[in-house]
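Notes to accompany the following structure.
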Amino acid sequence: MNYTYLETPIGTLLIAGDGDAIKRIDFPKEGKARAAEQDWTESSRGPVGVAVKQLKEYFAGRRAEFDLPLAPEGTEFQRTVWRNLQDIPYGETISYGELAKRVGNPKASRAVGAANGQNPIPIVIPCHRVIGANGKLTGFGGGLPTKEALLALETKQLKFAGTGQ
């Protein structure tokens, strides 16, 4: 697997994938970038390089949708949840209950939340756009300040785009 690091406003991301697709994006833990696996090769060629370019554009406010080959590893249920996350528009949020309805199991909010928490390709698969039924931010693998920062970035860009400035 190839990997590279990307400095972003939310810390150093580890981006990993093979020659065909992105498999992981990892948030820093306690301010430090996640270490790559020993058998991985540092390289930003192929999909990893494209991901770096698109993530830079996202953080600069020039990209609202990603166009990357993705290969997240998980159960069929998890992959179903992750596919549905990609349908949440930029700058919008939905509740875990709404996401459960969208995956066809309205009573599965907790299972959907667990699958959301196991998303191996955050930001690109926008798990940060799922919030509690009461509108509050709830659990997030990158930490709630990171979730808040991602949502604020998207909201700010939408407001900026709406002003014509």
* To do: Check every DSSP H run in the chain and write down those whose alpha carbon atoms cover 27 angstrom or more along the long axis and whose mean Kyte-Doolittle hydropathy is -0.5 or greater.
  => 144-163
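Relative contact order, percent, of the range 1-137 when contacts are C-alpha pairs under 8 Å separated by at least 6 residues? Before the final figure, lay out each step's value.
Numbers: 223 pairs, mean separation 29.4, N = 137.
Taking the mean separation of contacting Cα pairs over the length of the range 1-137, I get 21 percent.
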* Asked: Using a Gaussian network for the chain with springs between C-alpha atoms less than 10 Å apart, which of these wobbles most: Lys147, Lys56, Lys136?
  -> Lys136
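Placing +1 at every Lys and Arg Cβ and -1 at every Asp and Glu Cβ, with all other atoms neutral, what dipole size does the range 2-59 have around its Cα centre, in debye to the nearest 20? The partial results should precede the final answer.
Working: 8 positive and 9 negative charges, 31 e Å.
For this selection, approximately 140 debye.
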* **Among Gly139, Gly31, Gly113, residue whose mean-square fluctuation peaks in a GNM of the chain (springs only between Cα atoms under 10 Å)** => Gly31
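Using a simple charge model, +1 on the beta-carbon of Lys and Arg, -1 on the beta-carbon of Asp and Glu, nothing else, what dipole does the chain show about its Cα centre, in debye to the nearest 20?
On the way: 21 positive and 18 negative charges, 106 e Å.
Roughly 500 debye, rounded to the nearest 20.
I need the calculated FRET efficiency for the pair Ala64 and Thr12, taking r as the beta carbon distance and R₀ as 30 Å, to the nearest 0.05. Walk me through the numbers on the way to the answer.
Working: r = 23 Å, r/R0 = 0.77.
The value I calculate is 0.85.
Kindly state, to the nearest 0.05, the FRET efficiency for Glu42 paired with Glu73, given R0 = 22 Å and r defined as their beta-carbon distance. Don't jump to the answer; show the numbers that get you there.
Details: r = 21 Å, r/R0 = 0.96.
FRET efficiency, Glu42 to Glu73: 0.55.
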* Please give every one of the lysines within straight-line cross-link reach of Lys156, meaning a C-alpha to C-alpha distance under 22 Å, and leave out same-chain neighbours fewer than 8 residues apart. => Lys53, Lys56, Lys136, Lys147
* Computed label-point distance, nm, for sites Met1 and Gln86 using a 7 Å Cα→Cβ extension -> 1.8
* Structure fact -> For Thr8, other-chain or 5+-apart residues with amide H closer than 5 Å (H placed, Pro excluded) are Leu13
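Every read-out reported here was derived from the displayed coordinates using simple, explicitly stated rules and does not represent laboratory data. Just so you know, these numbers come straight off a predicted model, no measurement behind them. So basically every Cβ, Gly included, is an ideal-geometry build from the backbone, and we count neighbours across all protein chains shown.
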